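For reference, the structure discussed in these notes is given below.
The values are calculated or read from the model by the stated rules, or taken from the named source; none is laboratory data. Everything numeric here is computed off the predicted structure, so don't read it as measured data. Neighbour counts run over all protein chains shown; Cβ positions are idealised from the backbone, glycine included. Just so you know, the surface numbers come from the protein's heavy atoms only, side chains and all, with ligands and any DNA or RNA stripped out. Shrake-Rupley method; radii C 1.70, N 1.55, O 1.52, S 1.80 Å.
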Amino acid sequence: MTMRIAVAGATGNIGALTVGALERGGHEVVRISRSLGVDLITGDGLDAALAGVEAVVDATSYTGADRDAATAYFGTATQNLLAAEQRAVVRHHVLLSIVGVDRVVGNAHYAGKREQERLVVEGGVPWTIVRATQFHDFAATVVRWTEQNGVATIPPLLVQPIAPEDLAEILAEIATGAPRGRYRDVAGPEPQDLVDMARRTNDVRGHAVKLVPTWSSVLGSETAGDVLLPGEGARIAPTTFDDWLARHR
């Protein structure tokens, strides 16, 4: 059955891939992004964008490091989105969140995602929350964030990363079904060391940079051990990091 589905954060990495997955399934997709004239913070354009929409996938993100700013951003955007969904009688709100979001207290992004989850659970729109692990490109992203003068700091995380394309397919599948509440964790097939992922990515792409493992990086020691690993009964996506890296040189 063809549906009209909106994707918030449609120009971002996961949002754009989710748009593609939905369109391949024959669905009509409404792209929600400030660059496309729909502003989640001010609410401008939201009511028009959600007219006739049956489900919304929220794949928005925030890159700032200030905890209060991240919480305010996610809180305002989510409140505006949910209010517009209620006016449009949207039947399903799908929120992309993070595995371990309730165990990482100090990180700004995690604090903002917890606020998102709280608002969705307490809101009036039927919902599904999908917590996913880090993406296969996360190691390269950390290098890009921290590299200075040929040196990049990398937290020595144990992660079980997922291919962004796999996650987008899962979000599209869930959006076309009934609300499911707190969905099981979603992860890739293999645990990985983030420092090793960064080294392998740099080698394949010919990027020369010295990697310095340290907890004084983008994530601190509260993420050590199995904090970021999926829980029991997780849904395991098929694409390994090696397979993904071979296609994204």
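Details
- Where helices (runs of 4 or more DSSP H) sit wholly within region 1-95, those with at least 2 residues that are touching a helix residue (DSSP H, G or I) at 6+ places or on another chain (Cβ under 9 Å), within 13 Å of Gln116 (Cα to Cα) and of a type in the set (Phe, Trp, Tyr) occupy 67-88.
- Boolean, Val19 is within 18 Å of Ala168 (Cβ to Cβ) and aliphatic (A, V, I, L, M): yes
- Lone qualifier among Val94, Val57, Val90, Val99 - being buried (at least 21 other Cβ atoms within 10 Å of the Cβ) and over 30 Å from Glu222 (Cα atoms): Val90
- Of all residues making up region 128-139, the number that are open to solvent by 20 Å² or more (accessible area, probe 1.4 Å) and among the hydrophobic types (A, V, I, L, M, F, W, C): 2
- Where strands (runs of 3 or more DSSP E) fall wholly inside region 121-235, the ranges with 2 or more residues that are closer than 25 Å to Glu28 by Cα are 127-132.
- In the set Glu122, Glu165, Glu190, only one residue is modelled with pLDDT of 95 or more, open to solvent by 50 Å² or more (accessible area, probe 1.4 Å) and farther than 16 Å from Ile236 by Cα; that residue is Glu122.
- Qualifying residue in region 6-22 (condition: at pLDDT 95 or above and over 20 Å from the mean Cα position of the chain (by Cα)): no
- Selection within region 206-248: residues that are more than 22 Å from the chain's Cα centre (by Cα) and exposed (fewer than 13 other Cβ atoms within 10 Å of the Cβ). The member of this set that is modelled with the lowest pLDDT is Ser216.
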